[in-house]
């Protein structure tokens, strides 16, 4: 896989989800446009979606070595943006190649 064992990656993603949920919940207002913001992790050439799912990662394959992660918290405007940005910051701090895909409805 390159930089991290699947079990470690799954744990880091689970931690990011908790952090993202807390950040989304802390937003006092969910205004703004309806966003479909989500995290893309990449650099996982040779990893299958079913392998990540077997380790508890809710994801969808996007391309070779790339997967979009679910945003496991409520919100569609500012809350969703805050949550996915907090998730991505945790992933990046732990060496996971990722970015936020900002997409408006």
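What follows is calculated from the coordinates using simple rules that are stated; it is not laboratory data. All values derive from a computational prediction rather than experimental measurement. Using ideal geometry, Cβ is built from the backbone for each residue, glycine included, and neighbour counts are taken over all protein chains shown.
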Counting pairs of alpha carbon atoms under 8 Å apart in space and at least six apart in sequence, what relative contact order in percent does region 39-105 give? 38
Taking only Cα atoms and a 10 Å spring cutoff, compute GNM fluctuations for the chain and point out the largest among 69, 91, 52. 52
Using 0.36 nm per residue, how much length does the chain from residue 11 to residue 29 gain when fully extended, once their Cα-Cα distance is taken away? 3.5 nm
Each label point is 7 Å from the Cα along the Cα-to-Cβ direction; what then is the distance between the points at residue 92 and residue 70, in nm? 2.5
Given 4 °C and 1.567 mPa s, how large is the Stokes-Einstein diffusion coefficient of region 6-101 in µm²/s, with Rh as the Kirkwood radius over Cα pairs? 98
Given points 7 Å out from each Cα along the Cα-Cβ axis, report the residue 50 to residue 99 separation in nanometres with one decimal. 3.1
Would you kindly state how much longer the chain becomes between residue 42 and residue 60 on full extension, computed as 0.36 nm times their sequence separation minus their alpha carbon distance, in nm to one decimal? 5.3 nm
Using bins 10 angstrom wide from zero, how does P(r) for region 1-53 break down, in % of all Cα pairs? 18, 43, 25, 14, 0
